[in-house]
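**Student:** There's a structure below that I have some questions on.
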Amino acid sequence: KNQVEQSPQSLIILEGKNCTLQCNYTVSPFSNLRWYKQDTGRGPVSLTIMTFSENTKSNGRYTATLDADTKQSSLHITASQLSDSASYICVVSAVDYKLSFGAGTTVTVRA
Amino acid sequence: EAGVVQSPRYKIIEKKQPVAFWCNPISGHNTLYWYLQNLGQGPELLIRYENEEAVDDSQLPKDRFSAERLKGVDSTLKIQPAELGDSAVYLCASSTGARNTGELFFGEGSRLTVL
């Protein structure tokens, strides 16, 4: 069983709308959590990193949250743009530095 | 600064043929990863190098897959013979070191199609 579960698997939103992606993990002991954005045909690129003590972190229109108690993270996209169409992958690092990848959420933004 | 460079970007071969992928990491990055990514899935680790040493190759199918990282810089991933199920994207990534919170920098991937 994958230690990182993401939902939804995919979603479609209209340009200008907001959306929230979820990441639940069972990785323990936890070190940090990163959200990556992967454009079609490209490699993933890091958006944010969350450590144990951080609850919220923003990167432009992307805001990530972390609840280390419930082992949940979310990525909120505000005022979506066509360029936000991509796959968003949650990656959790354990203290032994092993990385666990989620399957990703595919976001499609339509005009 | 140049990113992680991979080649070829696309490769189409018939089953049972050999194939090789090449990766040049970001200069100064000691840690190099090879991942396999199937459509709609997250990357799966094949092998991780710390300099020249393969420190995690537990998920590498050693009967047909091999990898090397001579001189701790460039790396090559080989499949021989290829099977239909090997069709996927092979991603190379590098980082300043596994033992930190450093992010992984990925190449654009090599898409393999086995016919």
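The values are calculated or read from the model by the stated rules, or taken from the named source; none is laboratory data. Since this is a predicted model, take the numbers as computed values, not measurements. Ideal geometry is used to build each Cβ from the backbone, glycine not excepted, and the neighbour counts take in all protein chains shown. Protein only, heavy atoms only, side chains kept; ligands, DNA and RNA dropped before computing areas. Shrake-Rupley method; radii C 1.70, N 1.55, O 1.52, S 1.80 Å.
**Student:** Please go through the stretch A:85-103 and pick out each residue that is farther than 18 Å from A:Thr65 by Cβ and outside any strand (DSSP E or B).
**Tutor:** A:Ser85, A:Val95, A:Asp96, A:Tyr97, A:Lys98, A:Ala103 - these are the residues of the stretch A:85-103 that are farther than 18 Å from A:Thr65 by Cβ and outside any strand (DSSP E or B).
**Student:** Working carefully through the options B:Gln6, B:Gln59, find the one that is touching a strand residue (DSSP E or B) at 6+ places or on another chain (Cβ under 9 Å) and closer than 22 Å to A:Asn2 by Cα.
**Tutor:** Residue meeting the stated conditions: B:Gln59.
**Student:** Check whether at least one residue in the stretch A:72-85 is modelled with pLDDT under 95 and within 23 Å of B:Gly107 (Cα to Cα), and report yes or no.
**Tutor:** No, every residue in the stretch A:72-85 fails to be modelled with pLDDT under 95 and within 23 Å of B:Gly107 (Cα to Cα).
**Student:** Just one of (1) within 16 Å of A:Thr105 (Cα to Cα); (2) within 11 Å of chain B (Cβ to nearest Cβ); (3) under 11 Å from the mean Cα position of the chain (by Cα) trips up A:Asn24, so point out which.
**Tutor:** Every condition holds for A:Asn24 apart from (2).
For every residue, the table says whether it meets (1) within 14 Å of another protein chain (Cβ to nearest Cβ); (2) more than 17 Å from B:Glu44 (Cβ to Cβ).
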site: B:Leu60; (1), (2): no, no
site: B:Leu84; (1), (2): no, yes
site: B:Ser87; (1), (2): no, no
site: B:Cys92; (1), (2): yes, no
site: B:Thr96; (1), (2): yes, yes
site: B:Phe105; (1), (2): yes, yes
site: B:Leu115; (1), (2): no, yes
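**Student:** Exactly one condition in (1) part of a strand (DSSP E or B); (2) open to solvent by 30 Å² or more (accessible area, probe 1.4 Å) is not met by A:Leu75; state its number.
**Tutor:** (2)
**Student:** For the stretch A:27-47, does any single residue satisfy the condition of being more than 10 Å from chain B (Cβ to nearest Cβ), open to solvent by 40 Å² or more (accessible area, probe 1.4 Å), touching a residue at least 12 places away in the same chain (Cβ under 8 Å) and under 13 Å from the mean Cα position of the chain (by Cα)?
**Tutor:** The answer is no, given that none of the residues of the stretch A:27-47 is more than 10 Å from chain B (Cβ to nearest Cβ), open to solvent by 40 Å² or more (accessible area, probe 1.4 Å), touching a residue at least 12 places away in the same chain (Cβ under 8 Å) and under 13 Å from the mean Cα position of the chain (by Cα).
**Student:** Now a separate question. Among the residues of the stretch B:49-79 satisfying the criterion of being small (Gly, Ala, Ser) and in contact (Cβ under 8 Å) with a residue 24 or more places away in the chain, which is farthest from B:Leu91 (Cα to Cα)?
**Tutor:** B:Gly72
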